[in-house]
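In what follows, a structure is listed as structure tokens, so that the remarks can point back to it.
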Amino acid sequence: MQKPIVLITSRVHPGETPASWIMQGLVEFLTSREHKAQTLREKFIFKVGCGCANLVRLVLVRVRRMLLKG
């Protein structure tokens, strides 16, 4: 039987900085030796993605802001 997959993402938008701290805590917990973390790893496959999902838009918005200031 195949394990269920749990997909975890954070910081979809550039202003969501607190999500990075939550993700760091979650990854540290899931990779720890705690019994609950080990049980979760036995029952699920965790796929973790971090970072802004739309980097091209982020760059374009920053360039536009720089041009408008100049």
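Odds and ends about this structure:
- Accessible area (Å², per residue) of the chain, counting only protein heavy atoms and a probe of 1.4 Å: 87
- Ignoring lysines fewer than eight residues from K36 along the same chain, the ones with Cα atoms less than 22 angstrom from its Cα are K3, K47.
- Our summary gives the chain a relative contact order of 46 percent, counting only alpha carbon pairs under 8 angstrom and 6 or more residues apart.
- Translational diffusion coefficient (Stokes-Einstein; Kirkwood radius from C-alpha pairs) of the chain at 10 °C, 1.306 mPa s, in µm²/s: 110
- Model label zone, V61; criterion: amide N under 14 Å from point 7 Å along Cα-to-beta-carbon; scope the range 1-43: 11-17
The values are calculated or read from the model by the stated rules, or taken from the named source; none is laboratory data. Predicted model, so just to flag it, every value in this text is computed and none were measured. Methodologically, a virtual Cβ is constructed for each residue, glycine included, from the backbone with ideal geometry; neighbour enumeration extends over all protein chains shown. Heavy atoms of the whole protein, side chains included, go into the accessibility calculation; ligands, DNA and RNA do not. Shrake-Rupley method; radii C 1.70, N 1.55, O 1.52, S 1.80 Å.
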